[in-house]
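There's a structure below that I have some questions on.
The values are calculated or read from the model by the stated rules, or taken from the named source; none is laboratory data. All values reported here derive from a predicted model rather than from experimental measurement. Reconstructed Cβ throughout: ideal geometry from the backbone, glycine too, with neighbour counts over all protein chains shown.
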Amino acid sequence: MPEHKPAEPFLRAVYLLLGLFFTAVAFVGIFLPVLPTVPFLILAAAFFARSSERLETWLMRHRHFGPMLQDWRARGAIPLRGKVMAFCGSALGLGLFLGLRHPPLWQTGVVAAVMITGIAYVFTRPTA
């Protein structure tokens, strides 16, 4: 299953730490509606592919996340539920940003543009 393994032990350690970090962030995202889960798991799987075959295999075979990661790896596909959650999370995040901060118009525009770009990317991927 590994895509590539660097020969240098230092890089493997860095990739392993990044994989563990993104896995932890993804699990936090399970409980926070404005923090996505699957994009961080995709990153974690990519870093594990370069550092730990055992952790990559665990993630790719996980009963909840494995099918989504396999669809992404095989076809770049995102489940419809994931697309809807991404949209709702972005809308909620933008609403909180506006409601809690009362930012200037230019900041609102920047944040909205970033969110719209992300949502456009998600909705242009194949649906799993």
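Go through segment 88-109 and count every residue that is surrounded by 11 or more Cβ atoms within 10 Å (Cβ to Cβ) and part of a helix (DSSP H, G or I).
Total meeting the criteria: 15.
Within the bounds of segment 32-52, is there any residue that is among the charged types (D, E, K, R), surrounded by fewer than 16 Cβ atoms within 10 Å (Cβ to Cβ) and on the phi < 0 side of the Ramachandran plot?
No, segment 32-52 has no match at all.
With (1) within 27 Å of Val14 (Cβ to Cβ); (2) of a type in the set (Lys, Arg); (3) in contact (Cβ under 8 Å) with a residue 40 or more places away in the chain as the list, and Arg61 as the residue in question, which single condition is left unmet?
(3)
Right, another one. Mind listing just one residue for me: the one in segment 28-42 that is assigned to a helix (DSSP H, G or I) and over 15 Å from Leu55 (Cα atoms) and, of those, modelled with the highest pLDDT?
Val28
When you go through (1) under 27 Å from Tyr15 (Cβ atoms); (2) within 18 Å of the chain's Cα centre (by Cα); (3) in a helix (DSSP H, G or I) one by one for Met85, which number turns out not to apply?
Here Met85 clears every test but (1).
Let me spell it out: the conditions are (1) surrounded by fewer than 16 Cβ atoms within 10 Å (Cβ to Cβ); (2) aromatic (Phe, Trp, Tyr); (3) modelled with pLDDT under 90, and Phe10 meets all of them except one. Which number is the exception?
Condition (3) is where Phe10 drops out.
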